[in-house]
Amino acid sequence: MERAINADSFWTYPNGTLKNKLEIKDADALDQKEQELIKNKLLNVNLDHFSKEDFLCLHKYLFEDLYDFAGLIRDENIVINNVMMCQKDVVDLCLHDLFKLLGEVKIKNEEDLYNFLAYYYSELSIIAPFRDGNDITIKTFLELYAKSLGYHFSFEKINKDALQEALIYAFYHDTNKLISLFKQR
C-alpha cells in the first residue's frame, strides 16, 4: 500500500510507520491489520447522503479503530507517489467547493456517470483530504454514490497500474484515460 510521506510528521513513528491505536510499529504488520479491519467494515458500510460531512464520517468509520486522525482533514502537507498533494491550508476549501458541485450535478446516463466519476476521483485524489486512507475512502464513497443513482460501479476490476497512470493524466486535466478505464470495467 502506498503511504503518504512527510519527513517530520506528527502522525508517524521515527521509522515512518503511522502511529496507531494498536501501537503497531512495523509497516507491513500495520498494512495487514488495516486491510483486515477495513475488509470487515466494508461489508456493513452504507451512505444515504453524500455531503462533505458524510465523506468525513465514512473515513472515520473505516479507520477509527486504528487512527486518531480518522475522519479529520489532514493538518500537514503530504507527498504520494512523488506527487505533492493539495496544500493542507486549502484542503477544506477545496472539499467545500467540490461537494457544493456534487449537489448540483445531474447524471442522466452512464456517459454522465463515467465523466462524473473521472472528475470526482481525480479531484478527490489530488486533494487527498486525509493523512492516510484516501484511496479506499474515495473509491467507496464513489461506488456508493453510483449505487444511490441506480448504477453498479466498482473499482475492484480496474487494473491498479492502469488506474494510477490514468490518474496522473487526470491531474493535468485529461480525464479521458480514466473515463475509458471506467467504461471497460
If K60 passes every condition in (1) surrounded by fewer than 18 Cβ atoms within 10 Å (Cβ to Cβ); (2) in contact with a strand residue (DSSP E or B) (Cβ under 7 Å, 6 or more places away or on another chain) but one, which one does it miss?
(2)
Kindly indicate which of S154, S125 is more than 22 Å from K108 (Cα to Cα), in contact (Cβ under 8 Å) with a residue 24 or more places away in the chain and either of a type in the set (G, A, S) or not in a helix (DSSP H, G or I) (or both).
S125
Given the structure, is K177 charged (D, E, K, R), in contact with a Phe, Trp or Tyr (Cβ under 7 Å, 6 or more places away or on another chain), without any contact (Cβ under 8 Å) to a residue 60 or more places away in the chain and surrounded by fewer than 18 Cβ atoms within 10 Å (Cβ to Cβ)?
yes
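When you check D54 against the structure, is it surrounded by fewer than 13 Cβ atoms within 10 Å (Cβ to Cβ) and not aliphatic (A, V, I, L, M), yes or no?
Working: surrounded by fewer than 13 Cβ atoms within 10 Å (Cβ to Cβ): no; not aliphatic (A, V, I, L, M): yes.
Taking the combined requirement at face value, the residue does not satisfy it.
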What is the residue count in segment 159-174 for residues that are in contact with a Leu (Cβ under 7 Å, 6 or more places away or on another chain), in contact (Cβ under 8 Å) with a residue 24 or more places away in the chain and surrounded by fewer than 16 Cβ atoms within 10 Å (Cβ to Cβ)?
0
From the option list D75, D54, D65, D48, single residue qualifying as modelled with pLDDT of 95 or more, among the acidic types (D, E) and more than 18 Å from I138 (Cβ to Cβ) is D65
Is segment 8-20 home to any residue that is modelled with pLDDT of 95 or more, within 14 Å of the chain's Cα centre (by Cα) and at negative phi?
no
Can you tell me which residues in segment 136-151 are touching a residue at least 60 places away in the same chain (Cβ under 8 Å) and within 15 Å of the chain's Cα centre (by Cα)?
I136, T137, T140, F141, L144, Y145
The correct count of residues that are crowded, with 17+ Cβ neighbours inside 10 Å, of a type in the set (A, V, I, L, M) and free of Cβ contacts under 8 Å to residues at least 12 places away in the same chain in segment 88-118 is 0
Sole residue being of a type outside the set (F, W, Y) and within 22 Å of N46 (Cα to Cα), chosen from L149, L163, L181:
L149
Extreme residue, farthest from Y121 (Cα to Cα), among residues of segment 36-74 that are touching a residue at least 12 places away in the same chain (Cβ under 8 Å) and among the polar types (S, T, N, Q):
N46
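The values are calculated or read from the model by the stated rules, or taken from the named source; none is laboratory data. From a predicted model like this one, the values you see are computed outputs, not experimental measurements. Neighbour counts are summed over all protein chains in view; Cβ atoms, including those assigned to glycine, are modelled from backbone coordinates with ideal geometry.
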